[in-house]
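Read the structure below first, then the notes.
The values are calculated or read from the model by the stated rules, or taken from the named source; none is laboratory data. All values derive from a computational prediction rather than experimental measurement. Backbone-built Cβ (ideal geometry, glycine too); neighbour counts: all protein chains shown. Accessible surface areas use protein heavy atoms only, side chains included; no ligands, DNA or RNA. Shrake-Rupley method; radii C 1.70, N 1.55, O 1.52, S 1.80 Å.
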Amino acid sequence: MVLNDLGRKINGAIQSMSKANVVDEKVFDDMLKEIVKALMESDINIKLIQNLRNNVKTSVNLDENTGAVNKKRNIQKAVMDELTRLVDPGVEPWKPKKGKSNVIMFVGLQGSGKTTTCTKLASFYQRKGWKTCLVCTDTFRAGAFDQLKQNATKAKIPYYGSYTETDPVQLAHEGVSKFKKENFEIIIVDTSGRHKQEQELFDEMQQISSAVTPDSTIFVMDGTIGQAADGQARAFKEAANVGSIIVTKMDGHAKGGGAISAVAATHCPIIFIGTGEHMHDLERFAPGPFISKMMGMGDISGLMETNKDLMKKLEQGQFSIRDMYEQFMTILKMGPLSKVMGMMPGIPPELLAGSDAEGGNRIKRFMCIMDSMNAQELDGEGKEFVDQPKRLIRVARGSGTTVAEVETLLQQYKTFAAMVKKMGGQNGLLKNMQGMQQGGAGNPMMNPNRMQQAMKQLQSGGIPNIPGMGGMGGMDIQGMINQMGGMSGMQNMMKNMMGGGGFPGMPGMGGAGGAGGMPDMAQMAKMMKSMGMG
């Protein structure tokens, strides 16, 4: 997504501020100037940018007598909060109800990607277990029904349309009535578009709306129009009672930020953004995760939501080649690969040596190899290839790669699986981390007295007896302390653990900029190695 460039520029401004020994008015203003410049280059409305700047300045008190580190964190938090507010309309979008027919009507100008988005949304709900279908009422554009028919057939979604009927209202009524009788839960109605906003288009939309009484009307908007999105969103909202918006073409245009912020200003909730032409290139929009992903922190909440089954397997120490494939798919849907990889369990940074594009291509090549494997091989642990080496040749030929590349993939999988086994199980890293995060008086890890005793033992070179952390004999204590930034870094870590603030100084572990929750496994792997566990 081009908005990653905006995220990189804002990150650069924040990092420049963080490197300063003293954060004074000049350092603070220089950071704000860089952020304002980056937002203006992304075509965001100047009034919204001024509000953001004023709000950040108001919320940060530079005269407050706090440490330099806390002051920098307060500034980072203020910037993140205001960026989130910039794209947050503060309105709860409509949600379909299971077990009943939910009629969704799509409206928008011609060329905005409306018909393709209809199929994407139907496919999205279908993957989540809903019974979905499509109704084509676009009789204005030549080839509209053919396009919807082709997309629906590819996605295996039932559809309704006609080559002979020219009345869109009649088509809408017949299609919706048919699918309601067949107990479809999501009925998506695709309407005609025009080259510009005109009364004829609005009249047709209102007639179709009266005929099918939609539960929700979604406006599909081209993200490349930038700030012009404001007027377009307001016009459609008034004419068609638009309940929510999908912004398309967010994968290749710098004005996407302007479109999203303009729509947010109209208080119309954005529910999805289109990030490509493929069926899966539709991402649910949530202001917080969107800004987090733009800033290079990834969307860990989205990862946890979409990979609940995978997380359960990780906790149990189970990891098949198919699981690795699914994890790769999730990675490709998240933020910049070089930033995301550190948040993913067991994935070493060497996999992404080079640029983000090169790393992405490497992952896609691995996925292509896995596409050539059969179900037994995908659900196994690679033993089939050891017992029957001919399988390597078959997979290599099927994927258009070499045997050496297939062997590299299998070796990479073994590394992942070994890490998962160390992380999972009753005494695994994930289980212990969950215990530490839960806290409470009953948790011995959170007992300050026990922590102080453990610290004294560590300082004297002894091995602390901490409940839930068995199997730590023979570790390199000094190496572990060094990995945590020395004794002062370790003391800060303990304080944060007791206060529920995460692990400072370790990327992706809560205290370092608010990425939160998921640990940087590359760092964890280094630490485990120094502890004699790697």
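Values as computed for the structure displayed
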{"read-out": "Separation in nanometres of the label points that stand 7 Å from Cα toward Cβ, at LYS95 and ASP5", "value": "3.7 nm"}
{"read-out": "Neighbourhood charge, 14 Å Cβ-Cβ cut-off, centred on ASP371 and excluding it, Lys, Arg +1 and Asp, Glu -1", "value": "+2"}
{"read-out": "The range 61-182 - percent of accessible surface contributed by carbon and sulfur, probe 1.4 Å", "value": "49 percent"}
{"read-out": "Label-point separation in nm, GLN170 to HIS278, each point 7 Å along Cα→Cβ", "value": "4.2 nm"}
{"read-out": "Flagged links, alpha-carbon separation over 18 Å, of LYS128/LYS178; LYS97/LYS249; LYS98/LYS131; LYS19/LYS71; LYS97/LYS128", "value": "LYS128/LYS178; LYS97/LYS249"}
{"read-out": "Extension gain from GLU238 to GLU381, taking 0.36 nm per residue of separation minus the Cα-Cα distance", "value": "45.8 nm"}
{"read-out": "Ranked packing of 392-398, 237-243, 130-136, most packed first, by mean Cβ within 10 Å", "value": "130-136, 237-243, 392-398"}
{"read-out": "Segment LYS181-ARG394, length gained on full extension (0.36 nm per residue, minus Cα span)", "value": "71.8 nm"}
{"read-out": "Förster-model FRET efficiency, 56 Å R0, THR213 and LYS364, C-beta, rounded to 0.05", "value": "0.80"}
{"read-out": "Förster radius 41 Å - calculated FRET efficiency between MET329 and ASN51 (Cβ-Cβ, nearest 0.05)", "value": "0.60"}
{"read-out": "Cα-based equivalent ellipsoid of the range 251-295: semi-axis lengths in Å, sorted from largest, via gyration tensor", "value": "17, 12, 12"}
{"read-out": "Cα centroid separation, the range 119-141 to the range 18-41 (Å)", "value": "46 Å"}
{"read-out": "Under Karplus coefficients 6.51, -1.76 and 1.60, residue-wise ³J(HN,Hα) of the range 257-267 in Hz, glycine/proline x", "value": "x, x, 5, 5, 5, 5, 5, 4, 5, 8, 6"}
